[in-house]
Amino acid sequence: MARSVSADRRVRRAARHRRVLKKVRGTAERPRLVVFRSLRNIEGQLVDDDRGATILGVSTLGVEAGTPEVEGMDAKVAASYAAGRRLAERARQTGIESIVFDRGGYRFHGRVKAFADGARAGGLIF
């Protein structure tokens, strides 16, 4: 029985993510920023892999997300950038300044790159 195209795509992304996780590890001092991208939204979480706990998370689904307007950016890309900045601000409030970026098996371009750029603009170092 053949798998659907979307199921096959999910399996391939999961395999890429596993390969990335072999090298990327988050700690309490330097947590891992993992990104999940759906068709409409993007989410980011800071994870301490030593404890196996999520420290904090931000999504474009959140109430505070709103609709950011950044000139020269697509709406989804602008929302990703704003979410990255929001995550960086919340992380700095909890005392986190340095992270490890986990692209989650996605290519580092478009919304994933915008999320990372927003986190860097918010003051996170990675």
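The values are calculated or read from the model by the stated rules, or taken from the named source; none is laboratory data. Quantities reported herein were computed from a predicted structural model and do not represent experimental measurements. Neighbour counts are summed over all protein chains in view; Cβ atoms, including those assigned to glycine, are modelled from backbone coordinates with ideal geometry. These accessible areas exclude ligands, DNA and RNA; they are computed on the full protein's heavy atoms, side chains included. Shrake-Rupley method; radii C 1.70, N 1.55, O 1.52, S 1.80 Å.
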When residues of segment 20-37 are limited to those that are touching a residue at least 24 places away in the same chain (Cβ under 8 Å), out of contact with any Asp or Glu (no Cβ under 6 Å at 6 or more places or on another chain) and open to solvent by 50 Å² or more (accessible area, probe 1.4 Å), the one farthest from Gly52 (Cα to Cα): Arg37
Only one of Thr94, Thr54 that is open to solvent by 50 Å² or more (accessible area, probe 1.4 Å), among the β-branched types (Val, Ile, Thr) and over 21 Å from Lys23 (Cα atoms): Thr94
Of the criteria (1) touching a strand residue (DSSP E or B) at 6+ places or on another chain (Cβ under 9 Å); (2) modelled with pLDDT under 90, which one Val58 fails: (2)
Residues of segment 90-126 that turn out to be touching a residue at least 60 places away in the same chain (Cβ under 8 Å), assigned to a loop (DSSP other than H, G, I, E, B) and closer than 12 Å to Val35 by Cα, as a count: 4
Residue in segment 66-73 that is outside any loop (DSSP other than H, G, I, E, B) and surrounded by 15 or more Cβ atoms within 10 Å (Cβ to Cβ) present: no
